[in-house]
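Asks: Mind having a look at this structure? Questions to follow.
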Amino acid sequence: MSARSFPSDFLWGSATASYQIEGGATEGGRGPSIWDTFSHTPGKTLNGDTGDVADDHFHRWQEDVEHIKNLGLGAYRFSISWSRVQPGGSGEFNPEGIRFYSDLVDGLLAAGVKPVVTLYHWDLPQELEDAGGWTNRETAHAFARYARRMAEELGDRIDVWTTLNEPWCTAYLGYGSGVHAPGRTEPLAALQAVHHLNLAHGLAVQQIREVLGDSAKTSITLNLHVFRPDDPSSEADLGAVRKVDALANRAFLGPVLEGAYPADLLENTASVTDWSFVQDGDLEHIAQPLDVLGVNYYSTARVKHFSGEGERQQADGHKNSAGTPWIAADDVEFLPQPGPYTAMGWNIEPAGLTDLLVSLRDSYPDQPLMVTENGAAFEDTVVTEDGVARVHDVERVSYLHDHVDALGQARDKGVDVRGYFAWSLLDNFEWAYGYDRRFGIIRVDYETLERIWKDSAHWYRRLATTNTLPATDDVSPA
Ligand code: GBH
């Protein structure tokens, strides 16, 4: 493989999310979110970890902006904690919380970095959950009002406005399997959440455009799943793929990009709901043109039709949870994928990213794309060399290298992918896995909160500043 170059306007960035890095959970007038409640509930997160302090980014954001600048990144993707700027999720806004993000945005611009903002990365104000959360249609309207205020406050300083991060996780992990906040395990609630999240997205896009005009770039980020049929020649296995593809991918792509829920999704879930919570006019609200579709990609899944004989396999990380994210899909089983794996147990398959981007282009030829998250957790070790702490995270460097190359292969096929964001800038609170799993290109020492560049950070700086991906045999960090 030879070196690969990217155009000078290709956006290299890194991503984080508010609850995963900020800390300052009770400071500056911030109200509680569902992740505060969930992480403080015994048994919900590994080691009982919470985001109370996290990376203390709330106090160290200036230092973090320096790191972003020194990495030579063109963009930084972060999320706004809704309950920091509007403690109850409706009603009063909190000027101190708004100032925090306004200062961060100014800091990024001064460093020559484009702010890519996500309005919702899973931390719903607790008060809204108490009123039904995403099962309550009113939450979508509250979200649109919050989005409007953010557009008024941050205005044209924001490069890309992303409404939601991975509504699949919010709906199916939050209300289906219960492994994420608010920890509910109700199939109907999960599907209501799907729709109200889609509606929230569409209403918010309209509000942002009303305030900022058509110059505002709008987006949604989806974690689209790449499903491989166990036996590609089996009609039954292909049917299983279609079923989970409808639930996980087309339940969002359909309404957002085509203005309709897929007919097979409605059919497959008829035992759970008649979808009467979809009201007249909702789909018109949802299907707003998008300047860019954000895609988060980590790994692939292998699925098979389950005949009902023997034990159904569930190698998808949900086998121990009380509920399932795979609503009305008891006839689908998830088989273990061949390795190699990351520390999350997710298989590493860069070609899945190429396949995903190409298939999106085939379905939506005019839709510009951006990879808004990609990265990996590995067990990092710190070594001291000549008095300097180093992390030789060769596996992460090679993971990032191979996925950037996979993105490049999609571009070679003519796919319009405009940027790549490494997850994550910093080690952080990895949701149900707490601080045990490290995704950062910068290490965080959770005793001292010191930041240490891993080799992957040095490697990424070179990519971002030269627009050139070195050949495979040359992944040295220098
Ligand atoms: C993203 O979620 C999040 O946006 C980010 O906050 C998080 O830190 C990061 O990735 C790393 O986890 O769930 O067993 O079916 C990604 C969540 C990961 C959910 C892969 C679906 C498939 C395996 N996705 N997962 S499973």
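The values are calculated or read from the model by the stated rules, or taken from the named source; none is laboratory data. Quick caveat, the model's predicted, so the values are computed rather than measured. We place every Cβ from the backbone using ideal geometry, glycine too, and count neighbours over all the protein chains shown. These area figures cover heavy atoms from the full protein model, side chains too; ligands, DNA and RNA do not enter into them. Shrake-Rupley method; radii C 1.70, N 1.55, O 1.52, S 1.80 Å.
Asks: Within the chain, which complete DSSP H helices have Cα atoms spanning at least 18 Å along the helix axis and a mean Kyte-Doolittle hydropathy of 0.5 or higher?
Replies: Details: long enough: 57-70 (19 Å, -1.78); 95-110 (22 Å, 0.33); 138-154 (24 Å, -0.69); 187-212 (38 Å, 0.59); 350-363 (20 Å, 0.39); 394-412 (27 Å, -0.61).
Qualifying helices, which must be both long enough and hydrophobic enough, are 187-212.
Asks: At a probe radius of 1.4 Å, what is the per-residue accessible area of residue 1, in Å² to the nearest 10?
Replies: The accessible area of residue 1 comes to roughly 130 Å².
Asks: Enter the per residue convex hull volume of the stretch 113-208, computed from alpha-carbon coordinates, in Å³ rounded to the nearest integer. Don't jump to the answer; show the numbers that get you there.
Replies: Details: hull volume 8.3 nm³, N = 96.
Here the figure is 87 Å³ per residue.
Asks: Next question, about the same structure. Binned at 5 Å from 0, what are the whole-percent values of the Cα-Cα distance distribution for the stretch 51-163, short to long?
Replies: 2, 11, 22, 23, 19, 13, 7, 3, 1
Asks: Any idea what diffusion coefficient the stretch 152-309 gets from Stokes-Einstein, in µm²/s, Kirkwood Rh on alpha carbon pairs, 25 °C, 0.890 mPa s? All intermediate terms of the calculation are to be shown ahead of the outcome.
Replies: Details: Rh = 16.8 Å.
Answer, rounded: 146 µm²/s.
Asks: Could you work out the equivalent-ellipsoid semi-axes for the stretch 236-281, taking the square root of 5 times each eigenvalue of the Cα gyration tensor, largest first, in whole Å?
Replies: Working: eigenvalues 75, 39, 8 Å².
Working from the Cα gyration tensor, I get semi-axes of 19, 14, 6 Å.
Asks: Please compute the contact order of the stretch 144-243 in relative form: average sequence separation of alpha-carbon pairs under 8 Å and at least six residues apart, divided by the residue count, as a percent. Provide the component values of the computation, followed by the final result.
Replies: On the way: 120 pairs, mean separation 32.6, N = 100.
The normalised contact order for the stretch 144-243 reaches 33 percent.
Asks: Find how much the distance from residue 471 to residue 231 grows on full extension, using 0.36 nm per residue of separation minus their present alpha carbon separation; answer in nm with one decimal.
Replies: Numbers: separation 240, 0.36 × 240 = 86.40 nm, distance 3.39 nm.
Extending this stretch completely gives an extra 83.0 nm.
Asks: So what's the stretch 1-104 giving for Cα Rg divided by 2.2 N^0.38 Å, two decimals? Present the calculation step by step, with values, prior to reporting the outcome.
Replies: Values: Rg = 16.8 Å, N = 104, 2.2 N^0.38 = 12.8 Å.
With N residues counted in the stretch 1-104, Rg over 2.2 N^0.38 Å equals 1.31.
Asks: If you split all Cα-Cα distances of the stretch 315-473 into 5 Å bins from zero, what percentages do you get per bin, shortest first?
Replies: With a bin width of 5 Å, the distribution comes to 2, 8, 15, 17, 17, 16, 13, 7, 4, 1, 0, 0.
Asks: Run lengths n ≥ 4 of DSSP H only: what is the helix-derived mean residue ellipticity at 222 nm for the chain, with -39500 (n - 2.57) per run over all residues, to the nearest 500? Present the calculation step by step, with values, prior to reporting the outcome.
Replies: Values: 14 runs with 159 residues, N = 478.
Result for the chain: -10000 deg cm²/dmol, rounded to the nearest 500.
Asks: Also, quick follow-up: Please list, ordered by chain and number, the residues whose modelled amide H lies under 5 Å from the amide H of residue 454; skip anything fewer than 5 residues away on the same chain.
Replies: So residue 454 has HN proximity to 442, 443.
Asks: Along the Cα→Cβ direction, 7 angstrom out, place labels at residue 258 and residue 358. What is the inter-label distance in nm?
Replies: Between residue 258 and residue 358, the label points sit 2.1 nm apart.
Asks: Just to confirm my numbers, what's the Cα centroid distance between the stretch 25-63 and the stretch 64-135 in Å?
Replies: The two parts, judged by their Cα centres, are 14 Å apart.
Asks: Can you sort 69, 319, 44 by 1.4 Å-probe accessible area, starting with the largest? Can you show the working numbers first?
Replies: Working: 69 100, 319 135, 44 80 Å².
The ranking, largest first, comes out as 319, 69, 44.
Asks: Hey, another quick one. Measuring from the lowest to the highest alpha carbon on each principal axis, how far does the chain reach, largest first, in angstroms?
Replies: Dimensions of the chain along the principal axes of its Cα atoms: 63, 54, 46 Å.
Asks: Ranked by accessible surface with a 1.4 Å probe, highest first, in what order do 59, 305, 401 come? Working shown, then result.
Replies: Values: 59 95, 305 70, 401 0 Å².
My answer, sorted largest first, is 59, 305, 401.
Asks: Between residue 96 and residue 351, what length in nm is gained on full extension when 0.36 nm per residue of separation is reduced by their alpha carbon distance? Spell out each step's value before the answer.
Replies: Details: separation 255, 0.36 × 255 = 91.80 nm, distance 4.48 nm.
Contour length minus the Cα-Cα distance gives 87.3 nm.
Asks: Something else: Give me the extension gain from residue 344 to residue 388: residue separation times 0.36 nm, minus the current Cα-Cα distance, reported in nm with one decimal.
Replies: On the way: separation 44, 0.36 × 44 = 15.84 nm, distance 2.85 nm.
Contour length minus the Cα-Cα distance gives 13.0 nm.
Asks: Per residue, how many Å² of accessible area does the chain show with a 1.4 Å probe? Before the final figure, lay out the partial values.
Replies: Working: 17680 Å² over 478 residues.
On a per-residue basis, the chain sits at 37 Å².
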